[in-house]
1. Name the residues in segment 95-128 that are charged (D, E, K, R), assigned to a loop (DSSP other than H, G, I, E, B) and exposed (fewer than 14 other Cβ atoms within 10 Å of the Cβ), would you?
2. Name the single residue that is surrounded by the most Cβ atoms within 10 Å (Cβ to Cβ) among those in segment 258-275 being over 12 Å from PHE36 (Cα atoms) and free of Cβ contacts under 8 Å to residues at least 60 places away in the same chain.
3. Looking only at residues in segment 224-248 that are over 30 Å from LYS298 (Cβ atoms) and not small (Gly, Ala, Ser), which one is modelled with the highest pLDDT?
4. Among the residues of segment 278-293, which ones are surrounded by fewer than 20 Cβ atoms within 10 Å (Cβ to Cβ), part of a loop (DSSP other than H, G, I, E, B) and touching a residue at least 40 places away in the same chain (Cβ under 8 Å)?
5. Right, VAL165: of a type in the set (A, V, I, L, M, F, W, C), over 14 Å from the mean Cα position of the chain (by Cα) and in a loop (DSSP other than H, G, I, E, B) or not?
6. Only one of these conditions is not met by PHE44: (1) touching a residue at least 60 places away in the same chain (Cβ under 8 Å); (2) crowded, with 24+ Cβ neighbours inside 10 Å; (3) under 19 Å from ASP99 (Cα atoms). Which number is it?
7. With surrounded by fewer than 21 Cβ atoms within 10 Å (Cβ to Cβ) and in contact with a strand residue (DSSP E or B) (Cβ under 7 Å, 6 or more places away or on another chain) as the only criterion, which of SER80, SER92, SER61, SER4 stands out?
8. Only one of these is among the acidic types (Asp, Glu), more than 22 Å from LEU257 (Cβ to Cβ), at pLDDT 95 or above and assigned to a helix (DSSP H, G or I): ASP82, ASP34. Name it.
Amino acid sequence: MSASPFSLENLFGVKGKTVVVTGGGTGIGKGIADAFVTNGAKVFIVGRRKEVVDATAAELSVNGAATGGVVIPIQGDVSSKDAVAKVFEAISAQTDVVDVLVNCAGVVRPHRGGTIADVNDINKIQKALWDGHDDEDWQYTSAINTNAVYFMSVAFVPLLLKSEVRSIINIASIAGIMLARALASVSYGTTKAGTIHMTKLLAGRFSPAKIRVNCICPGIFPSEFTGSLGGATGHAYQVTEGARKAALRSIVGRPGLPEEVGGPCVLLGSNAGGFMNGAVLVVDGGRCLVAGINDGIKMPDDQYMC
């Protein structure tokens, strides 16, 4: 007897699927890779640091042992078209199909000089923004956060066409939605906003092949962006004080857990998400619901509403 279409296995099953996760060696990418491998998928993780992707692959493959899941490390750079071509060559030499592509690699270049002390002094703001970023900061941030999403998605179309799933998942950020001015850099938020819009553009361009392209915007999750590793293995991070406070301002009142971003990716990479295309999922504990241009900024007492 075949399983009901409403069974968990049929809805969310990814056993035997082939998944590629860029930035899969640490942080959010590692959590996404863990979600797939634990449920029986073959996962290629791509990262610049060989020792990191090798260690993560060995660690997570243990989690997939019971279901037949395995993680394969690929040392690779996605910061240019030529580099992406090499990543594709390395992966296509080991598989002729990719069911799910997760574009998770990302970088942030903080403004030099740190947080702007007085966000209401336009002269200090202008100086901080001018001195805080050079052409290279913009170019590097765009190369990883936006360009790489484009080139990886386009490069892997031939392998996605061999699949019935045909899912691309772009990991953006709530920084591409929020109007924060106390934290983060303008280049980071701009490139993540570009990723969000690119998701819809690629969903349209790939529509003849029915390749689904969706986007997830995480809030504060423990990662190398928001803290430092809390151990040699696992998903523990010591988040910075700024990230801790930002997470407290979400409705849930804490940073996200690895499975809370891994779960939505499994949704988009399985039958359960088969009718989702061009969607933007905000996974932030309600952070955006309470955010605005003055988020994190002390306002005059007479401007607060009871």
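1. Kept after step one, since they are charged (D, E, K, R), are these residues of segment 95-128: 96, 99, 109, 112, 118, 121, 124, 127.
Now drop any that are not assigned to a loop (DSSP other than H, G, I, E, B), which leaves 96, 99, 109, 112, 118, 121.
ASP96, ARG112, ASP118, ASP121, listed by residue number.
2. Out of the qualifying residues, it is GLU260.
3. From segment 224-248, those over 30 Å from LYS298 (Cβ atoms) are 229-236; that's our starting set.
In the following step, the residues that additionally are not small (Gly, Ala, Ser) were identified as 229, 233, 235.
On the way: LEU229: 60, THR233: 63, HIS235: 72.
Among them, the one singled out is HIS235.
4. GLY278, ALA279, GLY292, ILE293
5. Numbers: of a type in the set (A, V, I, L, M, F, W, C): yes; over 14 Å from the mean Cα position of the chain (by Cα): yes; in a loop (DSSP other than H, G, I, E, B): yes.
It is true that VAL165 is of a type in the set (A, V, I, L, M, F, W, C), over 14 Å from the mean Cα position of the chain (by Cα) and in a loop (DSSP other than H, G, I, E, B).
6. (1)
7. The unique qualifying residue is SER61.
8. Numbers: ASP34 fails: more than 22 Å from LEU257 (Cβ to Cβ).
Residue meeting the stated conditions: ASP82.
The values are calculated or read from the model by the stated rules, or taken from the named source; none is laboratory data. Source: prediction; values computed, not measured. Glycine also receives a Cβ, built like all others from the backbone with ideal geometry; neighbour counts cover every protein chain displayed.
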